[in-house]
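This report refers to the structure that appears directly beneath it.
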Amino acid sequence: MKPELIKISKFLSLILRHKPESIDVSMSPHGWVKIDELIKAAQKHRIDLTKKLIDEVITKNDKQRFTYSSDGESIRANQGHSVNIELELEPTKPPDTLYHGTASRFMENIHKKGLLKMNRQHVHLSLLKKTAYDVGKRHGKPVILTIDAQRMTQDGYEFYLSKNGVWLTKHVPPQYLQEEQDVEK
Ligand code: HQG
């Protein structure tokens, strides 16, 4: 993505996942923001947002972070929210193993309490080890955790799959976690 689009994508993530109030846009209980309202509010805050730029971010976004509503009038983030909205995802059977990337400095607490959703609405898990590695690296020295999703499902935990392929759950207790040894793979 071009630097201009990365900037817009980051701005959309900030507004649609975390701080709609920072530019005074209203968000529906399901996380939708009206595109017209978003553009006007952004421009009021000197962010040069246009429908064309949003279109480009939606089609070129590497992680498919955003979706238009079926009537095309609204937009929302597919996952990653800290604002309390309801994505209306159905519980879905996960693959037997999922991965989570974190940083070594968090491990002492993760061994004690498991994976917590922290500021977001869910713990984020991935199908691929590589994704976990990339996410972990953003926080420090990466650690990859293997999650026994099969056993969690047997024990009654629920999983959800976001529209852009991120696996979500509310909490992963420590007994379902294992630290990968060959992290640089
Ligand atoms: C850690 C990306 C201490 C957790 C990706 C993580 C992802 C604990 C950090 C999405 C803990 C929270 C989310 C505990 C968890 N004690 N630390 N008990 N439990 N943590 O950013 O998963 O590129 O909220 O391991 O695709 O890093 O933004 O979550 O390190 O899906 O679109 O607390 O971000 O998407 O960090 O990343 P985050 P995350 P985007």
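Measuring only protein heavy atoms, the 1.4 Å probe finds PHE159 accessible over about 0 Å². When VAL166, VAL123 are compared by accessible surface with a 1.4 Å probe, the order from highest to lowest is VAL166, VAL123. Counting only protein heavy atoms and using a 1.4 Å probe, the accessible area of TYR176 comes to about 10 Å².
As I understand it, the value is the acute angle between the Cα axis of helix 51-60 and the longest principal axis of the Cα atoms of the chain; what does it come to in degrees, rounded to 10? For helix 51-60, the angle is close to 20 degrees. Which one, HIS122, HIS171, HIS45, has the greatest fluctuation when you compute a Gaussian network model over the chain with C-alpha springs under 10 angstrom? Checking each option, the largest mean-square fluctuation is seen for HIS45. Assuming charge only on the beta carbon of Lys and Arg (+1) and of Asp and Glu (-1), the dipole of the chain about its Cα centre is about 620 debye to the nearest 20. Sorting THR131, THR146 by solvent-accessible area of protein heavy atoms yields THR131, THR146, largest first, with a 1.4 Å probe.
Legend: distances between Cα atoms for LYS7/LYS113; LYS34/LYS163; LYS19/LYS170; LYS137/LYS170; LYS51/LYS93; pairs beyond 25 Å are LYS7/LYS113; LYS51/LYS93. Modelled label positions at ARG120 and ASN84, each set 7 Å beyond Cα in the direction of Cβ, lie 2.0 nm from each other. Straight-line cross-link partners of LYS44 among the aspartates and glutamates, defined as a Cα under 14 Å from its Cα and at least 8 positions apart when in the same chain: GLU21, ASP24, ASP36.
The values are calculated or read from the model by the stated rules, or taken from the named source; none is laboratory data. Note that the structure is predicted; figures quoted are calculated from it, not measured. Counting neighbours? That spans all protein chains shown, and the Cβs are built from the backbone with ideal geometry, glycine included. To get the accessible areas, we keep the full protein, side chains included, count just its heavy atoms, and leave off ligands, DNA and RNA. Shrake-Rupley method; radii C 1.70, N 1.55, O 1.52, S 1.80 Å.
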